[in-house]
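Enquirer: Mind having a look at this structure? Questions to follow.
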Amino acid sequence: MMSETRKIPAPQPNVENQRFFDAAAEGKLLIGQCDACGQPHYYPRALCPFCLAETRWVESAGKGAIYSLSTMRRGAGTPYTLAWVTLDEGPAALTNIAAEDHDRLTIGQRVTVQFTPTEGGPPVPMFAPEVA
Amino acid sequence: MSIRNKAYISGAYEHPTRLAPDKSTPQLHAECAAGALADAGLSLKDVDGYFCAGDAPGFGGMSMVDYLGLNVRHVDSTETGGSSYILHVSHAAQAIAAGKCSVALITLAGRPRSEPFARQLGNAPEAAFEGWVGQSTHNSYGMCAARHMHEYGTTSEQLAWVKVAASHHAQYNSHAMLRDVVTVEDVINSPMISDPLHRLDCCVVSDGGGALLVVSPEVAKSLKRPLVAVRGAGEHVKGPRGGMNLDLTTSAAAVSGPAAFAEAGVTPADIQYASIYDSFTITVLIQLEDLGFCKKGEGGRFVADGNLISGSGKLPFNTDGGGLCNNHPTNRGGITKVIEAVRQLRGEAHSAVQVPDCGLAVATGIGGALGARHGAATLILERQ
């Protein structure tokens, strides 16, 4: 049975989050930062999910650790891994882990952002194991 | 104001179909409504409140009130996924207590086997950030199971006991999709779907539906059916909320459960039968902890060794076979949780799984994605 690499659907940005995807096209990962309550958040929003004050964009270093993960093995496609990655800045992001061997991924493992092309849209921030 | 003893469940109906290629979704809703009315001994013109959720076709309450030929003075289409119908019982009780209606009809129906559909984020606020990650229910709940194993040492064998117990009950249900009794080994040897959940950790996919009638005390006492009172209820919605302090091992049931017990004035130790939404084995384990049947992290030991099997275990659960074996109509299992709890309290469950003198039951459910945004609803029901 032929296994197919999963095609990544194009994200559909809106006026609130277009800047995130413009930055993604330049290889930068943006998160939200609130100066009123001091908390960062992800996914980024115009108003803070903790206090509803207006937020600003800040650039993440794009590094973090896997909080949890699950590798999908159903169907004819190659396995892919869904994960929550806790960024070093604090917030966690729902994402995919790009890996040669999904069986070797573990909770707590260090990962780095890896922008990945999509089907006709801007790239999206997946993560990959940190190279030692 | 408490809803305690302000409303009763007098009609409950589970559609017997599990595959309905020749019926429309509205038609299944109507057949469920007719079934619940017949069960209660009420007629269409008695209904003055209607509740439906995201499975209702078209414009929800507006389409269905018209299709069903209802004339209502209260309508509610609150959508919290598969937990909606448990929450609807609570909302119906509140509406009845406030005098807004006296006979509330709740329906659910759908045909995911005949017409498969994929979850779409559409214009959800998170869509641009999460629409591409390939999230399904399996890997969302899989992440919760993986984290629970990591934090508490929960094992696949312990999770498998949830399915084993459900299968022991399903063998007596002639309508159940999966009636074979399975072992822990059968579960952990079934194909891996999304780590660490195997195929037999997952619920069935079924066409079908169900309906409930929640009525005022006056109406309930005028009918010939046993009195099943709504004694307490709770609801909650939980999400990652900005990704700070993510906690995938605690669900929204940690709020809905204690709220329901507090309103009812009882504790988990008083419960004789439990309907626990079982979209996956992990869903049951986390809810049992969150409702207080055991401490957080001890769910694995709690469910092991047949503790959920009626007749031998300490906490008989999902005696219809649950979503894992019996039925998960339109990928939403909340209504069947209430229906089996009503059967138990009426003494109408199968004799092989009926809890003797069942007087107090819980029905609880999780809707949406446990690994991200989800809703929970909990009901405490009492036979009077």
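Enquirer: Look through B:VAL133, B:VAL182 and report the one residue that is part of a loop (DSSP other than H, G, I, E, B), at the interface with chain A (Cβ under 8 Å from one of its Cβ atoms) and of a type in the set (A, V, I, L, M, F, W, C).
Expert: B:VAL133
Enquirer: Every residue in segment B:308-353 that is assigned to a helix (DSSP H, G or I), among the polar types (S, T, N, Q) and closer than 21 Å to B:ARG113 by Cβ, please.
Expert: To start, the set of residues in segment B:308-353 that are assigned to a helix (DSSP H, G or I) comprises B:322-326, B:334-346.
Subsequent filtering for residues that are among the polar types (S, T, N, Q) retains B:326, B:336, B:344.
Passing the criteria: B:ASN326, B:THR336.
Enquirer: Here is a follow-up. Anything in segment B:233-253 that is outside any loop (DSSP other than H, G, I, E, B) and within 16 Å of the chain's Cα centre (by Cα)? List them, or say none. I'd like the intermediate steps shown before the answer.
Expert: Restricting attention to segment B:233-253, the residues satisfying the condition of being outside any loop (DSSP other than H, G, I, E, B) are B:233-238, B:241-243, B:253.
Those that are outside any loop (DSSP other than H, G, I, E, B) and within 16 Å of the chain's Cα centre (by Cα): B:ALA233, B:GLY234, B:GLU235, B:HIS236, B:VAL237, B:ALA253.
Enquirer: Using the structure shown, decide if A:PRO49 is more than 7 Å from chain B (Cβ to nearest Cβ) and of a type outside the set (D, E, K, R). So that I can check it myself, show each step before the final result.
Expert: Details: more than 7 Å from chain B (Cβ to nearest Cβ): no; of a type outside the set (D, E, K, R): yes.
When the stated conditions are applied, A:PRO49 does not pass them.
Enquirer: So, one more: Among residues belonging to segment A:87-102 that are within 9 Å of chain B (Cβ to nearest Cβ) and surrounded by fewer than 22 Cβ atoms within 10 Å (Cβ to Cβ), point out the one that is nearest to A:GLN12 (Cα to Cα). Break it down stepwise before answering.
Expert: Taking segment A:87-102 as the starting set, the residues that turn out to be within 9 Å of chain B (Cβ to nearest Cβ) are A:87, A:90-96, A:102.
Retained after the next criterion (residues that are surrounded by fewer than 22 Cβ atoms within 10 Å (Cβ to Cβ)): A:90, A:102.
Working: A:GLY90: 26, A:HIS102: 28 Å.
For segment A:87-102, the residue satisfying everything is A:GLY90.
Enquirer: Only one residue in A:GLU4, A:GLU26 is out of contact with any Cys (no Cβ under 7 Å at 6 or more places or on another chain) and at pLDDT 95 or above, so which one is that? Let's see the steps before the verdict.
Expert: On the way: A:GLU4 fails: at pLDDT 95 or above.
Criteria check complete, one pass: A:GLU26.
Enquirer: Please work out which residue is nearest to the chain's Cα centre (by Cα), limiting yourself to segment A:58-81 and to residues that are surrounded by 15 or more Cβ atoms within 10 Å (Cβ to Cβ) and more than 10 Å from chain B (Cβ to nearest Cβ).
Expert: Among them, the one singled out is A:GLY62.
Enquirer: Please give the helices (runs of 4 or more DSSP H) falling wholly within segment B:1-115 in which 2 or more residues are surrounded by 24 or more Cβ atoms within 10 Å (Cβ to Cβ). Spell out the reasoning first.
Expert: Details: elements: B:25-40, B:61-68, B:84-97.
In segment B:1-115, the matching helices (runs of 4 or more DSSP H) lie at B:25-40, B:84-97.
Enquirer: For segment B:189-215, enumerate the residues that are more than 14 Å from every other protein chain (Cβ to nearest Cβ), surrounded by fewer than 22 Cβ atoms within 10 Å (Cβ to Cβ) and in a loop (DSSP other than H, G, I, E, B).
Expert: Within segment B:189-215, just B:VAL204 meets the criteria.
Enquirer: In a loop (DSSP other than H, G, I, E, B), within 14 Å of another protein chain (Cβ to nearest Cβ) and either without any contact (Cβ under 8 Å) to a residue 40 or more places away in the chain or touching a strand residue (DSSP E or B) at 6+ places or on another chain (Cβ under 7 Å) (or both), is that true of B:ALA372?
Expert: Numbers: in a loop (DSSP other than H, G, I, E, B): yes; within 14 Å of another protein chain (Cβ to nearest Cβ): yes; either without any contact (Cβ under 8 Å) to a residue 40 or more places away in the chain or touching a strand residue (DSSP E or B) at 6+ places or on another chain (Cβ under 7 Å) (or both): yes.
Yes.
Enquirer: Okay, next question. Could you check segment B:1-38 and list, in sequence order, the residues that are of a type in the set (Asp, Glu) and more than 18 Å from B:GLY334 (Cβ to Cβ)? Give the steps one after another, and end with the answer.
Expert: The initial filter retains those residues of segment B:1-38 that are of a type in the set (Asp, Glu), namely B:14, B:22, B:31.
Within segment B:1-38, B:ASP22, B:GLU31 qualify.
The values are calculated or read from the model by the stated rules, or taken from the named source; none is laboratory data. As the structure is a prediction and not an experimental result, all values here were calculated from the model. Please note: Cβ atoms are built from the backbone with ideal geometry, for glycine as well, and neighbour counts cover all protein chains shown.
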